[in-house]
Amino acid sequence: MRCQVAIIGGGPSGLLLSQLLHKAGIDTVVLERRSKEYVLSRIRAGVLEWGSVELLREAGVGARMDAEGFPHDGTYLACRNRGFRIDFSKLTGKKVMVYGQTEVTQDLYAAREAEDGRVITEVDGVTIHGADSDAPYVTFVKDGQEQRLDCDYVAGCDGFHGVSRKTIPDNVLKEYERVYPFGWLGVLSETPPVSHELIYAQNRRGFALCSMRNANLSRYYVQCPLTDKVDDWTDQAFWDELKRRIPEEAADSIITGPTIEKSIAPLRSFVAEPMRWGRLFLVGDAAHIVPPTGAKGLNLAFSDVHYLYNGLVQFYQGDDEGVQKYSERALARVWKSERFSWSMTTLLHNFPEHTGFEMHMQEAELDYLEHSVAAQTSLAENYIGLPY
Ligand code: FAS
Ligand code: PHB
């Protein structure tokens with residue numbers, strides 16, 4: 001088997017890259033370890049930067065997003081039982097789109113299937129060979145049969161636990177990491193959202209976030225100790241704790257109900273450099289992880305896709321400048337998004353080592369944010385997404 005670009009991972013970054021390259025006439029094969037159903041069962045991101053919206057439209061998969069997504073002009077931050085609004089549109093002229101990662105991935109699978117894209121799921125033993133040569137290839141097992149895929153380039157879109165980053169030799173790869181001493185307990189409930197926009201709440205009991213997927217599907221999170229297990233939390237315990245952390249007005253009006261999904265995600269900041277080794281590129285979570293506080297994870301994967309897609313189109317037109325500069329360009333944006341996600345996490349969460357001083361620092365920064373157009377503009381331009 002042969003293709004121009006072998007893509008490892010059929011999550012959002014692998015599928016979007018495949019779809020964009022297909023539209024540019026570049027042949028790909030996507031190799032996904034799990035079933036499509038399993039990939040679509042994962043509940044993850046909820047907010048798209050406008051750059052991601054435009055990239056999905058460029059890929060020809062924006063129709064359902066434009067019909068069913070919710071453009072948001074701003075968000076609320078809350079502290080000491082009071083909320084204030086950051087008006088993205090007024091401060092930056094841009095907005096974000098609330099449209100779940102699950103829906104994005106579903107739209108991408110549908111587009112690849114409609115165009116007979118080669119997406120091979122439930123593969124095992126994916127191994128990258130000759131990434132530092134001019135003739136790389138990938139081997140894998142499908143239905144018990146070992147297969148070989150020859151290609152010009154390999155895109156490692158296989159997430160944090162994938163095989164791509166591990167293919168880069170230890171003496172080449174540098175990793176940078178910060179693991180946070182808490183997690184996020186998230187629930188989905190078939191209830192109307194408590195607010196028409198998101199509420200990020202800092203509270204001395206811990207962080208809370210009120211989000212949504214549609215007019216009758218809400219997504220809520222509370223910061224929790226890493227030692228907690230999902231079974232430690234009954235629905236009632238979750239709702240009671242959420243109400244203690246969000247402003248009273250929201251706590252009094254929230255409509256609760258049975259949760260249809262409940263999970264705990266650990267938080268980390270992580271970057272691997274370089275994002276290219278020979279003919280292997282790292283894309284998305286394969287190269288970097290952010291704490292979800294800044295809603296950057298999926299969006300950062302998409303800006304990597306933007307740089308790599310344009311670099312590969314340029315390569316097949318005879319100019320390798322884009323592939324040569326992929327890692328440098330992608331990392332420049334990665335580190336700025338890592339900084340924003342780390343700063344939002346530091347601002348809004350309780351850390352075990354915090355004393356009264358740090359809590360006052362957090363509350364003072366939120367007080368400054370509430371009354372400073374300059375501070376709100378800085379947060380807004382990072383949240384809606386820095387330019388590609
Ligand atoms: P993904 O991990 O989504 O996809 C990688 C794919 O590669 C997977 O389908 C996997 O099965 C496949 N794969 C792995 N190893 C393989 C192998 N050896 N061979 C073949 N295939 C292989 N981001 C936000 O912006 N907001 C959020 O609220 C948010 N919440 C999150 C909650 C959780 C629990 C997690 C884990 C992440 C969350 N994220 C969030 C980040 C998340 O959305 C990622 O940024 C996004 O999924 C990145 O997409 P990909 O890079 O495609 O990686
Ligand atoms: C979500 O809706 O899942 C969500 C939204 C914003 C975040 C994190 C998660 O910062």
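Summary of computed values
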| item | result |
| --- | --- |
| At most 15 other Cβ within 10 Å, DSSP loop - GluC sites (Glu not before Pro), region 111-207 | Glu115, Glu122, Glu190 |
| For region 1-102, fraction of C-alpha pairs farther apart than 21 Å, in % | 50 |
| Gain upon complete extension [Lys90, Asp240; 0.36 nm per residue less C-alpha separation] | 50.5 nm |
| DSSP bridge orientation in region 15-122 - percent antiparallel, rounded to nearest 5 | 80 |
| Surface accessible to a 1.4 Å probe, per residue, for the residues of region 1-92, Å² | 40 |
| Global form of region 179-234, assessed from the alpha-carbon gyration tensor, a/c cut-off 1.5 | oblate |
| Average Cα contact separation per residue, region 140-246, under 8 Å, 6 or more apart, as relative contact order % | 22 |
| Length gained when the stretch Glu190-Met359 is fully extended (0.36 nm per residue, less Cα-Cα span) | 57.4 nm |
| Region 71-222, Rg to Rh (Cα coordinates; Rh as Kirkwood inverse mean 1/r) | 1.09 |
| Relative intensity, log₁₀ I(q)/I(0), of region 29-81 from a Debye sum that treats every alpha carbon as a point, q = 0.14, 0.32 Å⁻¹ | -0.60, -1.18 |
| Accessible area of the chain belonging to carbon and sulfur atoms, whole % at 1.4 Å probe | 50 |
| Rounded accessible area per residue of region 188-231, 1.4 Å, Å² | 39 |
| Ratio of Rg to Rh over region 300-388 (Cα coordinates, Kirkwood Rh, two decimals) | 1.18 |
| In Å, descending, principal axis extents of the Cα set of region 247-346 | 62, 26, 22 |
| Coil-residue trypsin sites (Lys or Arg not before Pro) of region 2-68, DSSP, other Cβ within 10 Å capped at 11 | none |
| q = 0.11, 0.15 Å⁻¹, region 194-293: log10 I(q)/I(0) [Debye, one scatterer per Cα] | -0.44, -0.71 |
| Convex hull volume per residue in cubic angstrom - Cα atoms of the chain | 143 |
| DSSP beta bridge pairing in the chain, given as percent antiparallel to the nearest 5 | 75 |
| Relative packing of peptides 316-325, 95-104 - highest average C-beta neighbours within 10 Å first | 95-104, 316-325 |
| Charge-dipole axis of region 123-170 as Lys and Arg at +1 and Asp and Glu at -1 on Cβ define it, positive-most pick from Thr127, His161, Gln145 | His161 |
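The values are calculated or read from the model by the stated rules, or taken from the named source; none is laboratory data. Not measured: the values here are computed from a predicted model. Positions of Cβ are generated from backbone atoms using ideal geometry, with glycine treated the same way; all protein chains shown enter the neighbour counts. In case anyone asks, the SASA skips ligands and DNA or RNA and just uses the protein heavy atoms, side chains included. Shrake-Rupley method; radii C 1.70, N 1.55, O 1.52, S 1.80 Å.
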